[in-house]
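Worksheet for the structure shown next.
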Amino acid sequence: MLKRRENEPAYALLNDPSSQAQNHYGHAIDTVQPDDPLRQQSFVINDDEIAAENPNRYKQHGFYFDADNCIACHACEAACSEKNDNPAHISFRSVGFVEGGTYPAYQRLNISMACNHCDDPVCLKGCPTRAYTKFAEYGAVLQDPDICFGCGYCTWVCPYNAPQLDPVKGQVTKCNMCVDRLEVGLKPACVSACLGNALDFGVVENIPENRSQAKTEIPGFPRTDITQPNIRFQQTRTPQRDMNRVDQSPVKYHRDEHSESFKPVVDKAQGSERSWNLAKLLGSHENAHIAFTLSAQAVMAAFLIMLSGYGLEPMQSYQSSNAMLPVQLLMIVLMSFGLFKLNMHLGKPHRFYRGFYNLRHSPVSREIAGVSAFYTGLLGYSLFALFAVSDNGFAVYAQYLQIVFAGIAVLGAILGGYYMYRLYRIEARPFWNHWYTAASFCSSGLTLGSLLLGLVALATSSMSQQLGGFLMVLMAIGLLLEIVGLSSHARSLRSSESEGAASFYLQTTRFGNAYWLRNGLLLLALVLTAYIGFGDEHTLFAYSLLTASVFASNIISRALFYVVVIPTTMPGAFFWKNAGFEEHAREVGLADMPQMGVAYEGHHAFRFDELIETIRTTTMKQKYAQLRSIFTG
């Protein structure tokens, strides 16, 4: 148990003699009622099984930040990192700022931010491994990095950039509210270290001494309606009408004259020049997701189209053609490739099975379950298809089993496809939070799935005029769905006051040439589907051109989907939490200096260099211990 010193200064001590009944959101500040059995189940902290005698132990606590006092000395960051033994590239608390005005009326507003231990923590619901828990004690939202397998979904859904994905260890960690200090009546380390008395802590809604405000908003702070965070602000100085970020995100915050609140709008200071930036577009960290989503959507759609042969004439001939066996093998290969890329994208790929832990809440767990069911059904259907055409007595049973596995695959495709879409409807990422996401995923499935079936039919001389026309109709529907969705998405983002509008600005400027190339390829593909569908011959040249345009447009579209998204996170600084600086540091080698706070991604390689050196130089007993350390991170 943390020992409290006898000479602790008064500013480091918790002091909440009373509290309100409800918080700003209308929720009870008492996390459990006085007669609740949870009060008898002590939360074990630092292996001490005796609960502290803190009268406010079962009340929601939170941070209080006085923007008038913060001088951006970063003492809170240093104290937090020292207490939690964080490496330089991980910081549970960070200080960013926004600025506005011109000399001599220039103004800078600093914001110190950590986990806000929200009333409705979306990280907890989104995490597929159930690594998060909101405790009745102090209302703390705690995360166990040993359970985490490094998918990073919590970093997507959190509006405040609280969970930190360590690219070296391949796991997420975050602020733990210093619950060990709270147990002995001390405020968190960051609060105790604050030089300007800008940070404070206690039962939420309690206004500290010598303060007059307890706002829930401040310029640069993301929306509060997503998670209902437990942080309150004071800012008595009137900010400028426009407060700008300095972290290369094309976002600024504009004051609404009627409500006095600040809304994120596009900052067009970077100009309107269009560029390619293909290296950044096609070399992003999310390439594994591009490979998985496109391959999974193509295979699931192709399988469903193939099964429509039981009721549609064009596909009935397909099922009895020479294309059936090759297309099933190809679907298995593509699905295996997508799943492999997705799994190796995890921080701890060998812990993939933990993705099923949170089926009750997490759309990621449900997607994993659905896609796994589809993959199992696809394998079973393809396996028993070989026996169903044999002459032995097992053929009848094989046909029944084939139907069973087909049903499993269909159900898995429906559930997996739906939750693949739902997991991207993230309010903290407005660019994704639109029905266009569903339209894009369905479009990819229809176009790539139909193309897959058509190419195999051509390669096996199984293509007919009727089959080709049917597949072209499906592709045309998919392309039209994508075009209509893009148009609606663009209109919605242009008129919005959110980071989504800034994402669209990036899409049409920094990646503008790629954006318009994608749009042109969609139109070209639509024309080719009409030409092939109404033509008398299915020429190899026409199909090759169609394949290239559909394949390229889908890859560019999905890459844009991941690369341009701007989350509703707090602003960064010149170096820290600045994506532009991180890119520069990796390009020029500054990332080799740990003090820069930028780390290369190292966990995907499984540290094979250490593996080889271990095998070469150590004894068998040492080998076992070190190998176990290497593969468990």
Plugging the Cβ-Cβ distance of Val484 and Ser544 into 1/(1 + (r/R0)^6) at R0 = 35 Å yields, to the nearest 0.05, a FRET efficiency of 0.85
For the chain, what is the charge dipole size about the Cα centre, in debye to the nearest 20, if Lys and Arg each add +1 at the Cβ and Asp and Glu each add -1 at the Cβ?
-> 660
What ranking do Ser488, Ser94, Ser495 get, fewest neighbouring Cβ atoms within 10 angstrom at the top?
-> Ser495, Ser488, Ser94
Would you mind checking region 327-366 for residues with the amide N under 14 Å from a putative spin-label position 7 Å along Cα→C-beta of Glu601?
-> 341-349
Expected 222 nm ellipticity per residue - DSSP helices of 4 or more, -39500 (n - 2.57), all of the chain, to 500 | -14500 deg cm²/dmol
Any chance you could run the full-extension gain for Arg241 through Phe356? It's 0.36 nm times the residue separation minus the Cα-Cα distance, nm to one decimal.
-> 36.6 nm
Most to least packed among 14-22, 553-561, 592-600 [average Cβ atoms within 10 Å] = 553-561, 592-600, 14-22
With label points built 7 Å along Cα→Cβ from the Cα atoms of Arg491 and Lys263, find their separation and express it in nm.
-> 1.9
If you place +1 on the Cβ of every Lys and Arg, -1 on the Cβ of every Asp and Glu, and leave all else neutral, what size is the dipole of region 144-292 about its Cα centre, to the nearest 20 Debye?
-> 420
What distance in nm separates the simple spin-label points at Tyr418 and Asn322, each placed 7 Å from Cα in the Cβ direction?
-> 4.1
Taking K and R as +1 and D and E as -1, what net charge do the other residues with C-beta under 11 Å from the C-beta of Pro145 add up to?
-> 0
GluC sites (Glu not before Pro) restricted to DSSP loop in region 194-236 with at most 14 other C-beta within 10 Å = Glu209
Sites Thr133 and Glu273 - FRET efficiency at Förster radius 56 Å, r taken between beta-carbons, to 0.05 = 0.70
Most exposed first by the Cβ proxy, i.e. fewest other Cβ within 10 Å, how do Ile532, Ile147 rank?
-> Ile147, Ile532
Residues of region 404-431 with backbone N under 16 Å of the label point set 7 Å from the Cα of Ile332 along Cα→Cβ are 405-406, 409
With the dipole of the chain defined by +1 on each Lys or Arg Cβ and -1 on each Asp or Glu Cβ, the option from Gly533, Leu480, Phe292 whose Cα lies farthest towards the positive pole is Gly533
Of the DSSP H helices in the chain, those whose Cα atoms cover at least 20 Å axially and whose Kyte score averages 1.0 or more = 287-307, 324-344, 363-388, 394-422, 436-459, 465-494, 512-534, 540-563
For region 278-563: rounded, prolate or oblate by the Cα gyration tensor [a/c cutoff 1.5] = oblate
Taking the DSSP beta bridges in the chain as the whole, what percent of them are antiparallel, to the nearest 5?
-> 90
With respect to the cross-link table entries Lys134/Lys187; Lys215/Lys577; Lys125/Lys174; Lys59/Lys169; Lys125/Lys341; Lys59/Lys187, which display a Cα-Cα separation exceeding 22 Å?
-> Lys215/Lys577; Lys59/Lys169; Lys125/Lys341
If you rank Tyr436, Tyr531 by fewest surrounding Cβ atoms within 10 Å, what's the result?
-> Tyr531, Tyr436
Based on the mean of other Cβ atoms within 10 Å per residue, sort peptides 76-85, 368-377 so the most packed one is first.
-> 368-377, 76-85
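Any read-out appearing in this document is the output of simple, stated calculations on the displayed coordinates, not a laboratory observation. Since we're looking at a predicted model, the values are computed, not measured. Ideal geometry is used to build each Cβ from the backbone, glycine not excepted, and the neighbour counts take in all protein chains shown.
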